[in-house]
Amino acid sequence: MILNRVNYPEDLRKLNIKELDLLTNDIRKYIIDIVSKKGGHLAPSLGTVELTIALHYIFDSPKDKIVFDVGHQSYTHKIITGRKEMFRKLRQYNGLSGFTNRNESEYDPFGAGHVGTAISSALGLAVARDIAGEDNKVIAVVGDGGLTSGLSYEGLNNAGYMHKDIIVVLNDNKMSIDKNVGSIALYLARITTTPEYYTLKSSIWNLINRITDRNERINRFMSRMRESLKTFFIPTETIFFEGMGFHYFGPYDGHNIRELIEVFKFVKRLNEPVFIHVITEKGKGYKNAENNPILFHGLGPFDIESGKANEPINGREKYTNVFSSKMVELGKKYGDIVAITAAMPQGTGLVEFREKFPDRFYDVGIAEQHAVTFAGGLAAGGMHPFVVIYSTFLQRSYDSIVHDIALQNLPVVFCIDRAGIVGEDGPTHHGVFDIAYLRTIPNIVIMAPKDKAEFESMLEFAASYYEHPIAIRYPREGIPKEFGIMKKIQIGKGEIVYTSKINNTVILAVGTGNVIARDIINNEHIECDHINLRFVKPLDIKLIKSVAEYYKYVISIEEGSIKGGINEEIITLLNRYGFKGIFTAIGLADHFITFGKRETLLEKEGFTSKCISKVIKGMRGY
């Protein structure tokens, strides 16, 4: 295998074009083999193999800075920058991150787990370079889905205005996670389907390549000629990028290494903002991923031959699936419900709702801030919007939640999927901050279900509640065994789940904390009472007051950041009502949690029934 001879970028430059083409096959086989065992973002990285090889062939990384947007398209980059063997531990605890990571390698100049960050961060690296008097190149590799993110345009606007030496490479596969939506997708499609542009581009390129770059006057003349030709002949669609201050090149075949090398070799000579448009196929080289790029965008272990994924978590139904079915039911019942997602209809469980109610479903692209303010406008217009976004991505819209929803007290429902520890995607994707960042906002109501029946009841409650914004947080985890008879949801009211024979200890739990509380009682045989708070906000004041008066030992459990969590309000209320006992808060510690299997991370964080049972025994003095 050619791959055996490649460990670092300098090894690429010892290969000829034919060998580079063979290397692409080796890398694809290697990525498919590892991801089939470990899970990961397969289709995005399969589509960027040739592009990544060409970049490292021409540019001198790590001196030249290659910044990948999101980072999930960087598997080839990792393999050819000294991490080939570690790639076998992709997304495993103490292994290799699934995204770019500054702490992992000097070849990763900027970490990225959220889309849209590459251009802004690359501009920062370019400015830092110029201040330091260095002469390296900075390249931002951006997916076309990234161009649905407002942050990308803020970066383009500033970079063009500053006229810095920066190269933006657009990897256009006509998809983000799902199919791209919006005007920018149509815009890029017009560019890539204009035959006149291909013909002109080829002619100009051939002419320029015939002329040596040793004569600066000739270079300046050719640059002016290129601009004049563009003005007269190139379709107006490309003028957008030119108008932003970038020299536009493309579109090019992103799977033609020879052409990519020639393009990069030429633009490396330029010292101005450059925008290179390449066309790739998501999932390239693996038929199952080519045929179903949405499924193979990111998935767990799967069978290579059939493409079938392994069974769901512990064989249990997921919260997302329950949400999907319930939303269709609510859509039929309530004509004012509108569903909004940010480029993730599949991941958030809204595909069926989209099919049933196409006029009440909106995918706004990777634009979480817009999604929230758009929902605010819908609510102000009499609709009842459900904004369905992963916890980690909802963070990006915090200002809009405060100013555009809560301040105006609009009845928007936030359905926060992937709350808590999500596992192998790691610190950029764990949903551990939503309780802390939402709890301090006035007007907002926050709930977390303990099981399927309670989740469905919370969604039903939210659909008929118009007094305040509502947030419902739920995990990626499979749904646990039902707790029993479901009691009606009442605003700010918790429930007593279990009363023990020894009545001096109580666990106050929210969401997944209830499953741990049940295990502590049933499996660890710790005698204590169990209260399901249901509501993070408002808390059940009457219930907390009774806890302060009655119990000696109080434990609160929440799968979220201990800083800013629900425990802070609980202890304040307990003290207000004269609590004289011992209070212990169980949450996730004040650090970024690494990647690995969910069970492993929960154990490391001390967030299991065994770990918490030891804490309770210590409180009691035995």
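What about residue 286, is it touching an Asp or Glu at 6+ places or on another chain (Cβ under 7 Å) and among the hydroxyl-bearing types (Ser, Thr, Tyr)? Write out each step before concluding.
On the way: touching an Asp or Glu at 6+ places or on another chain (Cβ under 7 Å): no; among the hydroxyl-bearing types (Ser, Thr, Tyr): yes.
It is false that residue 286 is touching an Asp or Glu at 6+ places or on another chain (Cβ under 7 Å) and among the hydroxyl-bearing types (Ser, Thr, Tyr).
For the range 310-328, check the following and say yes or no: at least one residue is closer than 20 Å to residue 466 by Cβ and at pLDDT 90 or above. Please lay out each step first, then the result.
At the first step, the residues of the range 310-328 found to be closer than 20 Å to residue 466 by Cβ are 326-327.
Restricting the remaining residues to those that are at pLDDT 90 or above gives 326-327.
Taking every residue of the range 310-328 in turn, at least one turns out to be closer than 20 Å to residue 466 by Cβ and at pLDDT 90 or above.
Could you please find all residues in the range 337-378 being out of contact with any strand residue (DSSP E or B) (no Cβ under 8 Å at 6 or more places or on another chain), touching a residue at least 40 places away in the same chain (Cβ under 8 Å) and of a type outside the set (A, V, I, L, M, F, W, C)?
Answer for the range 337-378, where residues must be out of contact with any strand residue (DSSP E or B) (no Cβ under 8 Å at 6 or more places or on another chain), touching a residue at least 40 places away in the same chain (Cβ under 8 Å) and of a type outside the set (A, V, I, L, M, F, W, C): 346, 365, 369, 370.
Filter the range 550-573 down to the residues that are in a strand (DSSP E or B) and surrounded by fewer than 23 Cβ atoms within 10 Å (Cβ to Cβ), then identify the one that is farthest from the chain's Cα centre (by Cα).
553
Assigned to a loop (DSSP other than H, G, I, E, B), out of contact with any His (no Cβ under 8 Å at 6 or more places or on another chain) and surrounded by 20 or more Cβ atoms within 10 Å (Cβ to Cβ): is that true of residue 297 in this structure? Spell out the reasoning first.
Working: assigned to a loop (DSSP other than H, G, I, E, B): yes; out of contact with any His (no Cβ under 8 Å at 6 or more places or on another chain): no; surrounded by 20 or more Cβ atoms within 10 Å (Cβ to Cβ): yes.
No: the conditions fail for residue 297.
Any residue that is assigned to a loop (DSSP other than H, G, I, E, B), at positive phi and either in contact with a Cys (Cβ under 9 Å, 6 or more places away or on another chain) or not assigned by TED's automatic domain parsing to the domain that holds residue 461 (or both) - is there at least one of those in the range 574-591?
For the range 574-591, residues assigned to a loop (DSSP other than H, G, I, E, B), at positive phi and either in contact with a Cys (Cβ under 9 Å, 6 or more places away or on another chain) or not assigned by TED's automatic domain parsing to the domain that holds residue 461 (or both): present.
Out of all the residues in the range 155-176, is one or more free of Cβ contacts under 8 Å to residues at least 40 places away in the same chain and within 15 Å of residue 367 (Cβ to Cβ)?
yes
Condition check ((1) in a helix (DSSP H, G or I); (2) in contact (Cβ under 8 Å) with a residue 24 or more places away in the chain; (3) among the acidic types (Asp, Glu); (4) farther than 18 Å from residue 614 by Cβ) across all residues:
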site	(1), (2), (3), (4)
483	no, yes, no, yes
487	no, no, no, yes
497	no, yes, no, yes
502	no, yes, no, no
520	yes, yes, no, no
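Looking only at the range 1-34, which residues are touching a residue at least 60 places away in the same chain (Cβ under 8 Å) and aliphatic (A, V, I, L, M)? Outline the logic, then answer.
Filtering the range 1-34 down to residues touching a residue at least 60 places away in the same chain (Cβ under 8 Å) leaves 3, 6-9, 11-12, 17, 20-21, 24-25, 28, 32-33.
Passing the criteria: 3, 6, 12, 17, 20, 32.
Go through the residues of the range 523-531 one by one and say whether even a single one is within 16 Å of residue 503 (Cα to Cα), surrounded by fewer than 17 Cβ atoms within 10 Å (Cβ to Cβ), of a type outside the set (Asp, Glu) and out of contact with any Pro (no Cβ under 9 Å at 6 or more places or on another chain).
Going through the range 523-531, the residues within 16 Å of residue 503 (Cα to Cα) turn out to be 525-531.
Checking the rest, the ones that are also surrounded by fewer than 17 Cβ atoms within 10 Å (Cβ to Cβ) come to 525, 527.
Adding the requirement that they be of a type outside the set (Asp, Glu) leaves 525.
Right, trim to out of contact with any Pro (no Cβ under 9 Å at 6 or more places or on another chain) and you get 525.
Yes, the range 523-531 contains at least one residue that is within 16 Å of residue 503 (Cα to Cα), surrounded by fewer than 17 Cβ atoms within 10 Å (Cβ to Cβ), of a type outside the set (Asp, Glu) and out of contact with any Pro (no Cβ under 9 Å at 6 or more places or on another chain).
Please go through the range 467-493 and pick out each residue that is surrounded by 20 or more Cβ atoms within 10 Å (Cβ to Cβ) and touching a strand residue (DSSP E or B) at 6+ places or on another chain (Cβ under 6 Å).
The answer is 470, 471, 472, 473, 475.
How about the range 62-76: which of its residues are in contact with a strand residue (DSSP E or B) (Cβ under 9 Å, 6 or more places away or on another chain), part of a loop (DSSP other than H, G, I, E, B) and not hydrophobic (A, V, I, L, M, F, W, C)? Explain how you work it out, then say what you get.
Taking the range 62-76 first, the residues in contact with a strand residue (DSSP E or B) (Cβ under 9 Å, 6 or more places away or on another chain) are 64-75.
Retained after the next criterion (residues that are part of a loop (DSSP other than H, G, I, E, B)): 64, 69-74.
Of everything in the range 62-76, those that are in contact with a strand residue (DSSP E or B) (Cβ under 9 Å, 6 or more places away or on another chain), part of a loop (DSSP other than H, G, I, E, B) and not hydrophobic (A, V, I, L, M, F, W, C) turn out to be 64, 69, 71, 72, 73, 74.
Report yes if some residue within the range 328-341 is basic (Lys, Arg) and under 21 Å from residue 437 (Cα atoms); otherwise report no. Let's see the steps before the verdict.
As a first pass, look at the range 328-341 and keep what is basic (Lys, Arg): 332-333.
Now narrow it down to the ones that are under 21 Å from residue 437 (Cα atoms): none.
No; the residues of the range 328-341 include none that is basic (Lys, Arg) and under 21 Å from residue 437 (Cα atoms).
Run residue 80 past the list (1) over 24 Å from the mean Cα position of the chain (by Cα); (2) surrounded by fewer than 17 Cβ atoms within 10 Å (Cβ to Cβ) and report the number of the one that doesn't hold.
Only one criterion is unmet by residue 80, namely (2).
How many residues are more than 15 Å from the chain's Cα centre (by Cα) and either buried (at least 24 other Cβ atoms within 10 Å of the Cβ) or closer than 21 Å to residue 601 by Cα (or both) when one looks only at the range 103-125?
Step one: filter the range 103-125 for residues more than 15 Å from the chain's Cα centre (by Cα), giving 103-110, 119-125.
Narrowing further to those that are either buried (at least 24 other Cβ atoms within 10 Å of the Cβ) or closer than 21 Å to residue 601 by Cα (or both): 103-104, 108, 119, 122-123.
Number of matching residues: 6.
Based on this model, can you work out whether residue 309 counts as touching a Gly at 6+ places or on another chain (Cβ under 7 Å), under 23 Å from residue 597 (Cα atoms) and of a type in the set (A, V, I, L, M)?
yes
Across the range 347-370, which residue is surrounded by the most Cβ atoms within 10 Å (Cβ to Cβ) among those that are over 19 Å from residue 323 (Cα atoms) and of a type in the set (A, V, I, L, M)?
The initial filter retains those residues of the range 347-370 that are over 19 Å from residue 323 (Cα atoms), namely 359, 364-370.
Next, only the ones that are of a type in the set (A, V, I, L, M) stay: 364, 366-367.
Numbers: 364: 21, 366: 30, 367: 23.
Here the residue is 366.
Under 6 Å by Cβ, and 6 or more places apart or on different chains, what pairs join a residue from the range 393-408 that is farther than 21 Å from residue 428 by Cα and modelled with pLDDT of 95 or more with one that is of a type in the set (Val, Ile, Thr) and in a helix (DSSP H, G or I)?
That search, which allows pairs on different chains as well, returns 404/373.
Answer yes if at least one residue in the range 526-544 is free of Cβ contacts under 8 Å to residues at least 60 places away in the same chain, closer than 26 Å to residue 390 by Cβ, outside any loop (DSSP other than H, G, I, E, B) and touching a Ser or Thr at 6+ places or on another chain (Cβ under 7 Å), and no otherwise.
no
Which residue, of 17, 31, 58, is hydrophobic (A, V, I, L, M, F, W, C), surrounded by 20 or more Cβ atoms within 10 Å (Cβ to Cβ) and under 16 Å from residue 256 (Cβ atoms)? Lay out the reasoning, then the answer.
Details: 17 fails: surrounded by 20 or more Cβ atoms within 10 Å (Cβ to Cβ); 31 fails: under 16 Å from residue 256 (Cβ atoms).
Of the residues listed, the single one that is hydrophobic (A, V, I, L, M, F, W, C), surrounded by 20 or more Cβ atoms within 10 Å (Cβ to Cβ) and under 16 Å from residue 256 (Cβ atoms) is 58.
Any idea how many residues of the range 325-363 are assigned to a helix (DSSP H, G or I) and under 20 Å from the mean Cα position of the chain (by Cα)? Lay out the reasoning, then the answer.
Residues of the range 325-363 that are assigned to a helix (DSSP H, G or I), as a first pass: 325-333, 351-356, 358-360.
Restricting the remaining residues to those that are under 20 Å from the mean Cα position of the chain (by Cα) gives 351.
Selection size over the range 325-363: 1.
Quick check, is residue 63 basic (Lys, Arg), in contact (Cβ under 8 Å) with a residue 40 or more places away in the chain and within 27 Å of residue 145 (Cα to Cα)?
On the way: basic (Lys, Arg): yes; in contact (Cβ under 8 Å) with a residue 40 or more places away in the chain: yes; within 27 Å of residue 145 (Cα to Cα): no.
In short, no.
Yes/no matrix, rows are residues, columns are (1) closer than 22 Å to residue 117 by Cβ; (2) buried (at least 24 other Cβ atoms within 10 Å of the Cβ):
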{"residue": "331", "(1), (2)": "no, no"}
{"residue": "381", "(1), (2)": "no, no"}
{"residue": "384", "(1), (2)": "no, no"}
{"residue": "388", "(1), (2)": "no, yes"}
{"residue": "395", "(1), (2)": "yes, no"}
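Among strands (runs of 3 or more DSSP E) lying entirely in the range 364-479, which contain 2 or more residues that are at positive phi and assigned by TED's automatic domain parsing to the domain that holds residue 565? So that I can check it myself, show each step before the final result.
On the way: elements: 384-390, 413-417, 445-447, 470-473.
Here the list is empty.
The values are calculated or read from the model by the stated rules, or taken from the named source; none is laboratory data. Every value quoted in this text rests on a predicted model; they were computed, and no experiment measured them. Every residue, glycine among them, receives a Cβ derived from its backbone with ideal geometry; neighbour counts consider all protein chains shown.
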